[in-house]
Amino acid sequence: MSSKIYPHDFLKKKKLGEKIVMVTAYSYYDALLADKAGIDGLLVGDSLGMVVMGYSSTLPVTLDEVKHHLKAVVNARPRALVVGDMPFLSYEVSKTEAIRNAGELIKMGADAVKIEGGSEVSEIVEALTRVGIPVMGHIGLNPQRYLMLGGYKLRGKNVEDALSILESAKALQDAGVFSIVIEYTTWQVAAEVTRATKVPTICIGAGAECDGQILVIHDLLGINPTPPPFVRKYADLYNEIQRALSRYAEDVRKGVFPGPNEFWGMSEDELKKFKERLGVVKKD
């Protein structure tokens, strides 16, 4: 197994033309399994609000919730790059607050943080990188801004939006990001951003021309029964887990679980002593 992956390794991969593979991770076993599979990067995403907490959007997610899941991922000691997501209102209020909050994630073991937004957050990105905090950008569809967008809509469908996305990518690059996530954006725009920037692009629902891909782990494993249309399901764990739980419930109700090899008893000598003691207790 090769050595730990750091932000500069993502930049090297782009130069070498090597595809970058990322998934979200929210738990110790998410991180352990993804790392063993050779995944390059793990994002402790604010998507945990929807796939772990059951929120209707990512907006309610707090920094403390991200920190809770980041701790679990870091405990797996992954070789993969670990990126902590900056949830809504953890970086927008001021540069000072952004540095403090991002710094907490770095102190906990994150190798970088991710911030949603383009040109409008470039000064915050610059402030973070200036103090030594690596930043991953996030353009195209920004779920934290879905209210302003009028829903989770495909980005880059017209010239104005396409140019705005490209401008944001360049602004983030100039501010010092080491990579940029492009979400749910027309593939032509994502391809142009990839060609126009020196930092790698990590796409989700934005085509195959990017330098890498990221998916939510619950989606690709089929734990989420209704994933977004751009997801390829590599397993059907929703139904598999449901079948396993149903079999477990049936076995318990029938009295066939646990079986003879699934519990343990005392030795005959200790059992005899135990019964004798019970007899003494009963006489008392």
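Treating each Cα of the chain as an identical point scatterer and summing with the Debye formula, the log10 of I(q)/I(0) at q = 0.17 Å⁻¹ comes to -1.43.
Tell me, rounded to the nearest percent, the portion of alpha carbon pairs in region 240-283 spaced more than 18 Å apart.
Working: 532 of 946 pairs.
Every Cα pair in region 240-283 considered, those over 18 Å come to 56 percent.
Taking the helices alone, the chain has a mean residue ellipticity at 222 nm of -13500 deg cm²/dmol, built from -39,500 (n - 2.57) per DSSP H run of at least 4 residues and averaged over all its residues. The value of relative contact order for region 7-235, using C-alpha pairs under 8 Å at least six residues apart, is 19 percent. Separation of the alpha carbons by more than 20 angstrom is noted, of Lys4/Lys95; Lys67/Lys198; Lys12/Lys198, for Lys4/Lys95; Lys67/Lys198. In order along region 120-128, phi translates into HN-Hα couplings of 5, 10, 4, 5, 5, 4, 4, 5, 5 Hz, rounded to whole numbers, per the Karplus curve 6.51 cos²θ - 1.76 cosθ + 1.60 with θ = phi - 60° and x for Gly and Pro. At an R0 of 51 angstrom, the distance between the Cβ atoms of Glu276 and Tyr234 translates into a FRET efficiency of 0.30.
Annotation: aspartates and glutamates with alpha-carbon distance below 14 angstrom to Lys153 (same-chain offsets under eight excluded): Asp161, Glu183. Annotation: amide H-H contacts under 5 Å for Ile223 (H modelled 1.01 Å from N, sequence separation of 5 or more, or interchain): Leu237, Tyr238.
Computed with the Debye formula from one identical point scatterer per Cα of region 21-156, without solvent, the log10 of I(q)/I(0) at q = 0.10, 0.18 Å⁻¹ comes to -0.30, -1.00.
Taking the chain as a Gaussian network of alpha-carbon nodes connected by springs under 10 Å, the highest mean-square fluctuation of the residues Ala171, Ala196, Ala249 belongs to Ala249. Taking other C-beta atoms within 10 angstrom as a stand-in for reagent exposure, Val199, Val231, Val280 fall in the order Val280, Val231, Val199, fewest first. Lys-Lys pairs in region 240-283 that are eight or more residues apart or on separate chains and whose Cα atoms lie under 20 Å of each other come to 5. When the chain is treated as a Gaussian network with alpha carbon springs shorter than 10 Å, the biggest mean-square fluctuation among Val93, Val113, Val66 belongs to Val93.
Placing dummy labels 7 Å off each Cα toward the beta-carbon, the span from Leu59 to Glu250 is 4.4 nm.
Computed from the Cβ-Cβ distance with R0 of 22 Å, the FRET efficiency linking Lys12 to Ala196 stands at 0.70.
A straight line joining the Cα centroids of region 209-284 and region 132-156 runs 38 Å. Structural descriptor for region 36-157: relative contact order 22 percent, calculated from alpha carbon pairs under 8 angstrom and at least 6 residues apart.
Ranked by how many other Cβ atoms sit within 10 Å of their own Cβ, fewest first, the residues Phe10, Phe88, Phe257 fall in the order Phe257, Phe88, Phe10.
Once backbone amide H atoms are built at 1.01 Å from N, His138 has Ile115, Gly117, Val181 as its partners under 5 Å, excluding neighbours fewer than 5 places away on the same chain.
How do His8, His68, His138, His218 line up, fewest other C-beta atoms within 10 Å first?
The most exposed by this proxy come first: His8, His68, His218, His138.
Counting other Cβ atoms within 10 Å of each Cβ, which GluC sites (Glu not before Pro) in region 10-92 have at most 16 and sit in a DSSP loop? Hits after loop and neighbour filter: Glu18, Glu92.
None of the figures in this text is laboratory data; all of them are computed from the coordinates on show. Since the model is a prediction, treat every value here as computed from it, not as a measurement. Every residue, glycine as well, gets a Cβ built from its backbone with ideal geometry; the counts of neighbours run over all protein chains shown.
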